[in-house]
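Trainee: Below you'll find the structure I mean.
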Amino acid sequence: MSNLRSMVFMIMGMATFAGADAMIKLSSSDTTTGLIMITMGLAGGSIFLALCVASGTAVLSRLFFNPVILLRNLFEVAAAFFLFQAFALNELSTVAAILQAIPLILTILAAVFLNEQVGPRRWTAVAIGLLGVLIIIRPTGAGIGWTDLLAVLGTLFLALRDLASRLAPPEASTPLLSVYAFMLLVPTGAMLNFTQGGAWHIAPGSWGPLSLMVVLSVTGYYCVTTAMRIGDVSAVSPLRYFRLPCAAILAYFLFSEVPDWQTILGATLVVGSGLFVMLREAQLSSPK
């Protein structure tokens, strides 16, 4: 029963995260991505700060200067910097498809930096998945389109953030790490808004999407965290890919996006390879 509940929470989390991504794109038509980042940072940081205060966790701590946490914060900010712009400038379904490569990139990073053993079957799956990413972005002789590059870089930095999260000291709670990450979005968004030459006020038409973005992001975080705590990782992790069809549906109804056959083929390869890697890791880690 706990696995069933956790699976429901994971599905809800992926749906709400896809909705938050759509709200970023929707609000970017009237408001700069820099201001969107500031809004997300202030709102999310305030919520997690309240959680830290409620649990008695000290926010002003030497943990902030821990090298792993500093790296994690850097990766988090870099991921947001690239992905917020990718959502604004690229098709939502394309960015969502590229994001599905995170488990594949994590497998490579874990093998390189954590000396985790990766067998030939998983390496083959990783190679097929990365081929799927290439099919999605379709690089030409001139290189990768810069809006696709934004999504690729954002995905890479998210994977690096997840790797740093594995190495973070156990006394650094999830709400504490989240406070640091969200609050650092504020100065980053301010610098980005300055370079964009945008106004320093949110357009009236963006208040609704931005408010919904915050609600959906916090709800998604709660659902995913709950799912990972009450269920088996092997049962709930594959459901992370539910984010992709949710994003595709929202992209169709909100932005009239229809993925072409290359994007569908590439996404299928990425998702299929990622599922194989997840299930294989769960099989190898289960007690004999």
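The values are calculated or read from the model by the stated rules, or taken from the named source; none is laboratory data. Source: prediction; values computed, not measured. No Cβ is skipped: glycine too gets one built from the backbone with ideal geometry, and neighbour counts run over all protein chains shown.
Trainee: Quick one: F65 ticks every box in (1) within 16 Å of L185 (Cβ to Cβ); (2) without any contact (Cβ under 8 Å) to a residue 24 or more places away in the chain; (3) aromatic (F, W, Y) except a single one, so which number is it?
Mentor: Among (1) within 16 Å of L185 (Cβ to Cβ); (2) without any contact (Cβ under 8 Å) to a residue 24 or more places away in the chain; (3) aromatic (F, W, Y), F65 violates only (1).
Trainee: Among (1) hydrophobic (A, V, I, L, M, F, W, C); (2) surrounded by 15 or more Cβ atoms within 10 Å (Cβ to Cβ); (3) modelled with pLDDT under 80, there is one condition F276 misses while meeting the rest; what is its number?
Mentor: So the condition that F276 fails would be (3).
Trainee: Return the total of residues in the stretch 190-209 being of a type outside the set (A, V, I, L, M, F, W, C), in contact with a Ser or Thr (Cβ under 7 Å, 6 or more places away or on another chain) and surrounded by fewer than 17 Cβ atoms within 10 Å (Cβ to Cβ).
Mentor: Taking the stretch 190-209 as the starting set, the residues that turn out to be of a type outside the set (A, V, I, L, M, F, W, C) are 193, 195-198, 201, 204-206, 208-209.
Narrowing further to those that are in contact with a Ser or Thr (Cβ under 7 Å, 6 or more places away or on another chain): 193, 196, 198, 206, 209.
Checking the rest, the ones that are also surrounded by fewer than 17 Cβ atoms within 10 Å (Cβ to Cβ) come to 196, 198.
Number satisfying all stated conditions: 2.
Trainee: From the list T16, T57, pick out the single residue that is outside any helix (DSSP H, G or I) and touching a Ser or Thr at 6+ places or on another chain (Cβ under 8 Å).
Mentor: Working: T16 fails: outside any helix (DSSP H, G or I).
Residue meeting the stated conditions: T57.
Trainee: Continuing with this model, one more query. Report yes if some residue within the stretch 179-188 is farther than 18 Å from V77 by Cβ and either out of contact with any Gly (no Cβ under 8 Å at 6 or more places or on another chain) or at pLDDT 80 or above (or both); otherwise report no.
Mentor: Within the stretch 179-188, the first condition is being farther than 18 Å from V77 by Cβ, and the residues that meet it are none.
No: zero hits.
Trainee: Within the stretch 143-152, how many residues are in contact with a helix residue (DSSP H, G or I) (Cβ under 6 Å, 6 or more places away or on another chain) and loosely packed, with under 12 Cβ neighbours inside 10 Å?
Mentor: Selection size over the stretch 143-152: 0.
Trainee: Residues of the stretch 31-52 being part of a helix (DSSP H, G or I) and hydroxyl-bearing (S, T, Y), which ones? Give the derivation first.
Mentor: Initially, the stretch 31-52 is screened for residues part of a helix (DSSP H, G or I), giving 33-52.
Those that are part of a helix (DSSP H, G or I) and hydroxyl-bearing (S, T, Y): T33, T39, S46.
Trainee: Can you name every residue in the stretch 210-260 that is hydrophobic (A, V, I, L, M, F, W, C), at pLDDT 85 or above, within 26 Å of M278 (Cα to Cα) and surrounded by fewer than 17 Cβ atoms within 10 Å (Cβ to Cβ)?
Mentor: Correct list: I249 only.
Trainee: Somewhere in the stretch 149-161, is a residue outside any loop (DSSP other than H, G, I, E, B), within 25 Å of A43 (Cα to Cα) and charged (D, E, K, R)?
Mentor: Yes, the stretch 149-161 contains a residue that is outside any loop (DSSP other than H, G, I, E, B), within 25 Å of A43 (Cα to Cα) and charged (D, E, K, R).
Trainee: Same structure again: Identify, by number, the condition in (1) out of contact with any Phe, Trp or Tyr (no Cβ under 6 Å at 6 or more places or on another chain); (2) under 23 Å from A15 (Cβ atoms) that A127 doesn't meet.
Mentor: (2)
Trainee: Take the residues of the stretch 85-142 that are in a loop (DSSP other than H, G, I, E, B) and of a type in the set (S, T, N, Q): which is surrounded by the most Cβ atoms within 10 Å (Cβ to Cβ)? Quick ask: steps written out before the conclusion?
Mentor: Within the stretch 85-142, the subset in a loop (DSSP other than H, G, I, E, B) is 90-91, 100-101, 114-119, 138-139, 141-142.
Now narrow it down to the ones that are of a type in the set (S, T, N, Q): 90, 100, 115, 117.
Values: N90: 22, Q100: 26, N115: 7, Q117: 8.
Taking the candidates together, the pick is Q100.
Trainee: While we're here: Go through the stretch 165-189 and report how many residues are farther than 21 Å from C52 by Cα, of a type outside the set (S, T, N, Q) and buried (at least 16 other Cβ atoms within 10 Å of the Cβ).
Mentor: 1
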